[in-house]
Amino acid sequence: MDPNEQIGGLIDTLLGKTRDGRLEWASTPLSSAYNVVIPTYSITIRRIGSGILPNYTLAIMNSVGEEIDSYTANPPQGLYYSSLEEIFNRARRKAMRADETIAQIQEALAKV
């Protein structure tokens, strides 16, 4: 199988499960990177660059933290760019508990 098709299938699966809220994305020590653990493996999504069109990298690690494979999407029309951008944004919201935070702020504001 073509490596791009294989990584594309993985990206599509990650995007669908992230949209459905079925993956527990967490913060990492790296700036702008989020991680999900899947038994014996982990996947990290990372934004590289802070400009209008940053790159996004998806990395697959084994159980001892060695990188098995990675894929970087370059802006703006790079293959899988929009999918990786959406995974990153959804992973960040999940890891940072954005929805819960907004609900707590709304609750506090209702009492003001």
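The values are calculated or read from the model by the stated rules, or taken from the named source; none is laboratory data. Quantities reported herein were computed from a predicted structural model and do not represent experimental measurements. We place every Cβ from the backbone using ideal geometry, glycine too, and count neighbours over all the protein chains shown.
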field: Positions within the stretch 71-99 being free of Cβ contacts under 8 Å to residues at least 24 places away in the same chain and within 18 Å of LEU23 (Cβ to Cβ), in sequence order
entry: ASN89, ARG93, ARG97, ALA98, ASP99
task: Among the candidates SER83, SER42, SER50, single out the residue that is modelled with pLDDT under 95 and small (Gly, Ala, Ser).
output: SER50
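Yes/no per residue for (1) within 25 Å of GLU5 (Cβ to Cβ); (2) out of contact with any strand residue (DSSP E or B) (no Cβ under 7 Å at 6 or more places or on another chain); (3) of a type outside the set (Ser, Thr, Tyr):
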{"position": "SER27", "(1), (2), (3)": "no, no, no"}
{"position": "ILE60", "(1), (2), (3)": "yes, no, yes"}
{"position": "ASN74", "(1), (2), (3)": "yes, no, yes"}
{"position": "GLY78", "(1), (2), (3)": "yes, yes, yes"}
{"position": "SER83", "(1), (2), (3)": "yes, yes, no"}
{"position": "GLU86", "(1), (2), (3)": "yes, yes, yes"}
{"position": "ALA91", "(1), (2), (3)": "yes, no, yes"}
{"position": "ARG97", "(1), (2), (3)": "no, yes, yes"}
query: What number goes with the only condition from (1) modelled with pLDDT under 95; (2) of a type in the set (D, E, K, R); (3) assigned to a strand (DSSP E or B) that ASP99 does not pass?
result: (3)
task: Go through the stretch 1-46 residue by residue and tally those that are surrounded by fewer than 15 Cβ atoms within 10 Å (Cβ to Cβ), within 19 Å of ALA73 (Cβ to Cβ) and not small (Gly, Ala, Ser).
output: 10
- request: Being more than 19 Å from ARG97 (Cβ to Cβ) and assigned to a strand (DSSP E or B) is the filter here, so list the residues in the stretch 34-43 that pass it.
  value: ILE38, TYR41, SER42, ILE43
query: Do we find a residue being part of a strand (DSSP E or B) and either among the small types (Gly, Ala, Ser) or surrounded by 14 or more Cβ atoms within 10 Å (Cβ to Cβ) (or both) anywhere in the stretch 76-87?
result: no
